[in-house]
Amino acid sequence: MTDDDQQLRVSKIRNGTVIDHITGGQALNVLAILGIDGTSGDSVSVAMNMPSDRLGKKDIVKVEGKELSQNEVDVLSLIAPAASINIVRDFEVVEKARVERPSMVEGVLECPNHNCISTEDEPVKSRFAVVDDGVRCEYCETIIRDNLPAHILAE
Amino acid sequence: MRHDHIISAKQLSRADIEAVLDHAADIAADPEAYAERHAGTLLGLLFFEPSTRTKMSFTTAMKRLGGDIVDMGSVESSSVKKGESLADTVRVVEGYADALVLRHPMEGSSKMASEFVDVPLVNAGDGAGQHPTQTLLDLYTIRENAGFDDLSIGIMGDLKYGRTVHSLAHALTNVDAHQHFISPESLQLPRSVRYDLHQEGAEVREHTELDEVLPELDVLYVTRIQRERFPDESEYREVAGQYQIDSETLAAAKDDLTVMHPLPRVDEIAHDIDDTEYATYFEQAHNGVPVRMALLDMLLEANE
Ligand SMILES: [Zn+2]
């Protein structure tokens with residue numbers, strides 16, 4: 001039945017990634033990190049503020065046809081430190097992993113300091129050390145504490 | 001000391017700092033002994049913004065060690081003007097020289113440049129970032145005049161934008177100095193610097209008036225408050241005026257207070273202080289030569 005198909009589409013994906021245990025309210029930022037705005041045509045489902053024993057409220061994101069790169073996982077870990085990542089192939093979870101806080105994120109964030117050499121046309125990637133409650137540019141030492149997704153490098 | 005490049009005073013441990021200052025003291029005591037030490041050595045100077053004083057100091061230091069300099073010249077006359085990246089420029093110039101000195105208007109430029117070269121690179125100022133040889137000559141001057149034991153220092157002026165101040169404050173955590181920061185509220189230390197000082201376990205004592213701490217200071221480090229930090233002339237005059245000192249201001253100070261300034265000054269230290277025992281800013285500027293000689297000598301020896 002059509003209704004069942006709809007149900008199935010929302011709850012199960014054939015190939016892709018399910019990100020669970022995202023800090024409540026951060027799902028749209030997670031999509032931003034993954035560069036997903038719906039224009040590619042792949043199906044994306046988002047559940048926000050679902051009850052969670054561990055987190056109180058959690059968000060879940062399911063993305064058809066996409067597996068996360070290490071860079072994406074690194075930034076993800078900064079805004080959703082409790083997230084778990086499930087890689088799905090042929091409707092089966094083939095890999096399950098918790099995110100880990102990296103010591104460094106490279107080539108994903110753009111330094112907000114316009115006078116930082118990493119924002120120039122030089123052959124280097126941006127590099128940020130992960131500090132207590134934010135990230136810090138390895139070149140100019142500017143600290144980003146809030147709204148990390150706003151600093152994601154445009155592709 | 002084992003460092004390939006000198007990018008930030010933060011990379012230097014207390015032992016590193018003491019080693020450079022000790023060596024500088026040896027050189028200052030007997031400069032003749034070092035006059036031929038680096039004969040034939042070439043120091044490449046890349047100054048992407050004018051800083052005549054720093055450039056002269058490095059030039060003097062290299063020549064006093066028996067070596068010479070090769071100078072990129074002004075940016076207007078170089079290939080940088082044609083859009084060459086800094087990474088390419090330093091990779092070309094490292095072929096001409098045994099060590100490089102870089103001054104560049106952007107933060108992080110020396111750090112990045114050092115990732116592309118094998119010869120030692122010394123940061124001579126990267127925008128609002130670091131200027132480690134200034135910090136070392138400041139430390140040398142402080143040690144010579146006041147010593148590091150139980151040191152009480154007041155740093156006054158533009159603490160928000162003054163990179164000299166940021167670097168010095170961080171370095172002083174190595175010697176557990178009692179640091180007082182004296183500035184208008186709008187020019188207090190920025191967040192990243194506070195973060196670092198807290199990480200090093202230093203207490204940040206802030207004051208809006210010099211009177212509050214002057215009597216207990218061994219060193220008063222004065223910096224310039226710039227006109228462009230204020231929306232209008234009258235506000236600038238009013239605020240900056242509160243952070244100018246003259247011999248009258250210093251009546252409440254210890255007799256052996258050391259007054260320092262990275263120079264150039266405009267009117268923040270009155271000329272009537274110049275002839276007093278307090279005035280140490282010209283000596284401070286001169287100390288740049290033995291300190292840079294010491295640093296270059298150690299870097300070149302380590303990388304031979
Ligand atoms: Zn930066």
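The values are calculated or read from the model by the stated rules, or taken from the named source; none is laboratory data. Everything quoted here is computed from the prediction, not taken from an experiment. Glycine also receives a Cβ, built like all others from the backbone with ideal geometry; neighbour counts cover every protein chain displayed. For accessibility, only protein heavy atoms count, side chains too; no ligands or nucleic acids. Shrake-Rupley method; radii C 1.70, N 1.55, O 1.52, S 1.80 Å.
Brief remarks follow.
- Globularity index of region A:12-98, i.e. its alpha-carbon radius of gyration over 2.2 N^0.38 Å: 0.99
- Candidate lysines - alpha carbon under 19 Å from B:LYS63, same-chain residues fewer than 8 apart omitted: B:LYS55
- A:LEU76 contributes about 0 Å² of solvent-accessible surface, heavy atoms of the protein only, 1.4 Å probe.
- Per residue of peptide B:108-119, the mean number of Cβ atoms on other chains within 10 Å of the residue Cβ is 5.
- Taking the empirical scaling 2.2 N^0.38 Å for compact globular proteins as reference, region B:101-238 has a Cα radius of gyration ratio of 1.12.
- For chain A, the longest principal axis of the Cα atoms and the long axis of helix A:70-79 meet at an angle of about 90 degrees.
- The lysines whose alpha-carbon is closer than 22 Å to the alpha-carbon of A:LYS125, local same-chain residues fewer than 8 away aside, are B:LYS111.
- Whole-Å distance, taken between Cα centres, linking region B:250-300 and region B:53-69: 20
- Stokes-Einstein diffusion coefficient of region A:14-62, Kirkwood radius over Cα pairs, 10 °C, 1.306 mPa s, in µm²/s: 143
- For region B:1-57: rounded, prolate or oblate by the Cα gyration tensor [a/c cutoff 1.5]: oblate
- Computed label-point distance, nm, for sites B:VAL266 and A:LYS125 using a 7 Å Cα→Cβ extension: 4.5
- With helices as the sole contributors, chain B gives -10500 deg cm²/dmol at 222 nm; each DSSP H run of n ≥ 4 counts as -39500 (n - 2.57), and the sum is divided by every residue.
- Segment B:ASP211-B:ALA19, length gained on full extension (0.36 nm per residue, minus Cα span): 65.6 nm
- Averaging the sequence gap over all C-alpha pairs within less than 8 Å and six or more residues apart, then dividing by the number of residues, gives chain B a relative contact order of 21 percent.
- Each eigenvalue of the Cα gyration tensor of the protein assembly as shown, multiplied by 5 and square-rooted, gives one semi-axis; in descending order these are 50, 28, 19 Å.
- Relative contact order (%) - criterion: Cα under 8 Å, at least six apart; region: region B:133-285: 25
- Taking every DSSP beta bridge that has both ends in the protein assembly as shown, the antiparallel portion is near 50%.
- Residues whose placed amide H lies under 5 Å from that of B:ILE155, excluding near-sequence neighbours: B:HIS180, B:PHE181, B:ILE182, B:TYR221
- Crossing angle, helix A:2-11 versus chain A [Cα axis fit, 0-90 degrees, rounded to tens]: 30
- For chain B, the equivalent ellipsoid derived from the alpha-carbon gyration tensor has semi-axes of 33, 22, 18 Å in decreasing order.
- Taking region A:12-98 and dividing mean pair separation by its residue count, relative contact order in percent (alpha carbons under 8 Å, at least six apart): 44
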